[in-house]
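Written out below as structure tokens is the structure these notes cover.
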Amino acid sequence: MADLHRNYVAGEWLAGSDLSKNINPSDLGDVIGEYARADRAQADNAIGAARAAFPAWSTSGIQDRANMLDAVGNAILARKDELGRLLSREEGKTLPEGIGEVARAGQIFKFFGGEALRLAGEKIPSVRLGVEVEVTREPVGVIGIITPWNFPIAIPAWKIAPALCYGNCVVFKPAELVPGSAWALADVIVKAGFPPGVFNLVMGRGSVVGEAMTADKRVDAISFTGSVATGRALATKAIARMAKLQLEMGGKNPMVVLDDADLAIAVSCAVNGAYFSTGQRCTASSRLIVTAGIHDRFVAALTERLGKLKVDDALAPGTDIGPVVDESQLKQDLDYIGIGKGEGATLAYGGEVLERPKRGHYLAPTLLTGATNAMRSSREEIFGPVASVIRVKDYEEAVAVANDTDFGLSAGIVTTSLKHASHFKRASQAGMVMVNLPTAGVDYHVPFGGRKGSSYGPREQGRYAQEFFTVVKTAYTLP
Ligand code: ADP
């Protein structure tokens, strides 16, 4: 029997106004559980509880915060196999990917446990003799955290951990498709003993709970990861009331392959970057920009590799690519494959829905060749296991095409030329640049984020997270 999972508001587990069913995309007959869905009133109560908890929590001792965050990290790591299995079951990434993501979430909490002890200020000489100037960082207040389905535990972790670390209170609204990992994370956080109201879980609809958080003046800041359309709409409303904002949205990430590339590295970066996690990563390599001298060899080798990838149940041993997350995402992927073909690209591999013993949203890894950078399939985020090869004549054209996009999250180059690698690191208009590495897959202790339409506001993760999760104060003293 499916378990009922409640919301956590003001230190209590509460039923919502209705329930959602969490369905396994690898096996549509498998209902993972039933999860509370909050109404507007419950969202309001959570915001009120966070507000009420803020004065005490924002002035609480850093050793306690450090201990609690570290305990959350340890508890997650101790349960990584179990939670990774749940994650793979509800989101559809493979079991090793699911366990890896859970481990990352654990490490993030432990990292911010340490950061709680390291928040430093500055003492700066004043231009006025005898006056002292101090620059310090303080908590922001109540943070609304709105997350997507594609990293159901790591993204919540990299927002919640720094929020709590620096003395903020949290109202957390996970994506509707993945309440399981969010609930499990909340359960671990609650057991670490944060005072009531400091952390609140409000599962529910974006149009209800997300809207309530966006509109409410008691929410000082919103950290959002999701689609461009939702992010833009949310930003307009949040900025109208001067909320502090951090948005992580889409990508249309280029991976450049130069003539002098090691072919094996190029193929493995493309397979990993474009197809692992079913291509459902904002850092996925969806544009493979390949110079003429290696183009045909690269396409042949990549196509051969795609033919060997096993697409199946995310939990089955040996699966390389799990299912697409749901029916509407599958439709979007197929629509874009059709758009690409309609615009003149060639379907070099895949493109079809796959039947498996269990009914799920299985899509073959898909490669379009002969694409141009002007095609919609090269300009708009697809968010599936679909990549386009764009042939260019040389490095200069490759860089120009790589940067010719509305997005700027991640960019990669595969080359043995130090000159080109060094130049690309400077010339790329992306927030993150990878040399001989996949565009997706980043460390947990360094800044994450992009430029242009991909991101808005300060970087996430690592020490740089303090930019968003604290506010600066400048104090002058004449002793
Ligand atoms: P994705 O499909 O990648 O998860 P979305 O942008 O649809 O991207 O969703 C990201 C998050 O934003 C989810 O938690 C979703 O519930 C939430 N959301 C959706 N609509 C709104 C809205 N109008 N206001 C605030 N949050 C929203």
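Things worth noting here:
- Residue in the stretch 158-178 that is away from the ligand (no atom under 14 Å from the Cβ), touching a residue at least 40 places away in the same chain (Cβ under 8 Å), within 14 Å of the chain's Cα centre (by Cα) and under 14 Å from residue 105 (Cα atoms) present: yes
- Residues of the stretch 211-223 that turn out to be under 21 Å from residue 167 (Cβ atoms) and either within 14 Å of the ligand (Cβ to nearest atom) or part of a strand (DSSP E or B) (or both), as a count: 6
- Residues located in the stretch 267-300, provided they are small (Gly, Ala, Ser) and over 25 Å from residue 98 (Cα atoms): 292, 293, 300
- In the stretch 184-205, the residues that are of a type outside the set (Gly, Ala, Ser), surrounded by 24 or more Cβ atoms within 10 Å (Cβ to Cβ), farther than 11 Å from residue 171 by Cβ and within 16 Å of the ligand (Cβ to nearest atom): 185, 203
- Looking only at residues of the stretch 224-235 that are part of a helix (DSSP H, G or I), in contact (Cβ under 8 Å) with a residue 12 or more places away in the chain and near the ligand (Cβ under 7 Å from one of its atoms), we find that the one that is surrounded by the fewest Cβ atoms within 10 Å (Cβ to Cβ) is 230.
- Residue, farthest from the ligand (Cβ to nearest atom), within the stretch 236-261, restricted to residues that are outside any loop (DSSP other than H, G, I, E, B) and closer than 29 Å to residue 385 by Cα: 257
- Identity of the residue in the stretch 362-379, β-branched (Val, Ile, Thr) and not in a loop (DSSP other than H, G, I, E, B), that ends up nearest to the chain's Cα centre (by Cα): 366
- Of all residues assigned to the stretch 349-357, none qualifies as being closer than 18 Å to residue 252 by Cβ, of a type outside the set (S, T, N, Q) and surrounded by 22 or more Cβ atoms within 10 Å (Cβ to Cβ).
- Hey, residue 439 closer than 24 Å to residue 104 by Cβ and either crowded, with 22+ Cβ neighbours inside 10 Å or not aliphatic (A, V, I, L, M) (or both) or not: yes
- The stretch 303-344: number of residues that are farther than 25 Å from residue 89 by Cα, of a type outside the set (A, V, I, L, M, F, W, C) and part of a helix (DSSP H, G or I): 9
- Of 2, 52, all but one fail to be modelled with pLDDT under 95 and at negative phi; the exception is 2.
- The strands (runs of 3 or more DSSP E) found wholly in the stretch 380-436 and carrying at least 2 residues that are surrounded by fewer than 21 Cβ atoms within 10 Å (Cβ to Cβ) occupy 432-435.
- Meets criteria (over 17 Å from residue 162 (Cα atoms), assigned to a loop (DSSP other than H, G, I, E, B) and touching a residue at least 24 places away in the same chain (Cβ under 8 Å)) for residue 16: yes
The values are calculated or read from the model by the stated rules, or taken from the named source; none is laboratory data. Nothing here was measured: the structure is a model prediction, and the numbers come from that model. Methodologically, a virtual Cβ is constructed for each residue, glycine included, from the backbone with ideal geometry; neighbour enumeration extends over all protein chains shown.
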